[in-house]
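The values are calculated or read from the model by the stated rules, or taken from the named source; none is laboratory data. Here the structure is a predicted model, which is why all the values come from computation and not from measurement. Neighbour counts run over all protein chains shown; Cβ positions are idealised from the backbone, glycine included.
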Amino acid sequence: MSPLPCRHDVAAVPSRCGRRCRHLRPILFEYRTIRASLGGVGTSSARTPGSAETTLEAVRSLARTARLLERAAGDLGIAQYRVLSAIAAGDERASRVAERFDLGRPTVSVAVDALCRQGLVRRSESPGDLRATDLSITPKGRALLGAVEAAMTTALAELCACSATGEEVAAALASLGPALDAVQAQRIGRARQARA
């Protein structure tokens, strides 16, 4: 595989980036693997899309990508990021956040407590339900969320730029959102049927 020219800011990482960007070869391979598992386009491998080996490689690649995004998030951990972004998107109750991300309520509660202590989220009494509290993002939380999402977007864009089909990779990853929502809805439906 011939390496692609690096699109990183060479001045920012002079010791690792150069004309051939060798340190990014594994990343390019990972994204070709994801692309193969999601659609099978552009791979030189004889493996068929969806094979167990390809799917396993995609899982490993997604785990590595998640770590890349986690590093980009800085001090705001991924669990706190998920909760903060859900609250910013309109999920006002911890129970809805827990259901949306398939997290335990205690896990969400711990994240909400930490976000409140940092001044990123505010709790208030729910006007319609005295037992519940509503969650809202503070201006400080909105500013941090914007900065974190900008850093994560930049990290993913740099990763995709190292692929000959970076836009396809990004589109394939984005298409996982609706698929995740569908899987989550099915799981919630089965859980509700089991309780009934």
(request) Name, by its number, the condition in (1) within 21 Å of the chain's Cα centre (by Cα); (2) surrounded by 15 or more Cβ atoms within 10 Å (Cβ to Cβ) that does not hold for LEU135. (result) (1)
(message) I'm trying to understand the selection: among the residues of the stretch 68-83, which are of a type in the set (A, V, I, L, M), modelled with pLDDT of 90 or more, part of a helix (DSSP H, G or I) and within 18 Å of ALA155 (Cβ to Cβ)?
(response) LEU68, LEU69, ALA72
(request) Read through the list (1) in contact (Cβ under 8 Å) with a residue 40 or more places away in the chain; (2) more than 15 Å from the chain's Cα centre (by Cα); (3) under 22 Å from LEU76 (Cβ atoms), then give the number of the only condition that ALA143 fails. (result) (1)
(request) Could you tell me whether ARG96 is basic (Lys, Arg), within 20 Å of the chain's Cα centre (by Cα) and assigned to a helix (DSSP H, G or I)? (result) yes
(request) Looking only at the stretch 130-137, decide whether some residue is out of contact with any Phe, Trp or Tyr (no Cβ under 9 Å at 6 or more places or on another chain), farther than 17 Å from ARG100 by Cα and either at pLDDT 90 or above or of a type in the set (Phe, Trp, Tyr) (or both). (result) yes
(message) Given the criteria more than 17 Å from the chain's Cα centre (by Cα), in a helix (DSSP H, G or I) and small (Gly, Ala, Ser), does ALA191 qualify?
(response) yes
(message) Condition check: acidic (Asp, Glu) and either surrounded by fewer than 16 Cβ atoms within 10 Å (Cβ to Cβ) or in contact with a Gly (Cβ under 9 Å, 6 or more places away or on another chain) (or both). Does ASP181 satisfy that?
(response) yes
(request) Kindly provide the set of residues from the stretch 127-166 that are of a type in the set (Gly, Ala, Ser) and outside any helix (DSSP H, G or I), ordered by number. (result) GLY128, ALA132, SER136, SER163, ALA164
(request) Considering each of VAL121, VAL97 in turn, give the residue that is surrounded by 13 or more Cβ atoms within 10 Å (Cβ to Cβ), modelled with pLDDT of 90 or more and of a type outside the set (Lys, Arg). (result) VAL121
(request) With the checklist (1) in contact (Cβ under 8 Å) with a residue 24 or more places away in the chain; (2) over 17 Å from GLU92 (Cα atoms); (3) not hydrophobic (A, V, I, L, M, F, W, C) in hand, flag the one item GLN193 doesn't pass. (result) (1)
(message) Testing SER163 on (1) surrounded by fewer than 17 Cβ atoms within 10 Å (Cβ to Cβ); (2) among the polar types (S, T, N, Q); (3) in contact (Cβ under 8 Å) with a residue 24 or more places away in the chain; (4) within 23 Å of LEU68 (Cα to Cα), one condition comes back false. Which one is that?
(response) (1)
(request) Please specify each residue of the stretch 55-86 satisfying the condition of being surrounded by fewer than 16 Cβ atoms within 10 Å (Cβ to Cβ) and basic (Lys, Arg). (result) ARG60, ARG64, ARG67, ARG71
(request) Confirm whether ARG82 is of a type outside the set (A, V, I, L, M, F, W, C), in contact with a Phe, Trp or Tyr (Cβ under 6 Å, 6 or more places away or on another chain) and under 24 Å from ALA63 (Cα atoms). (result) yes
(request) Run LEU173 past the list (1) loosely packed, with under 13 Cβ neighbours inside 10 Å; (2) closer than 27 Å to LEU68 by Cα and report the number of the one that doesn't hold. (result) (1)
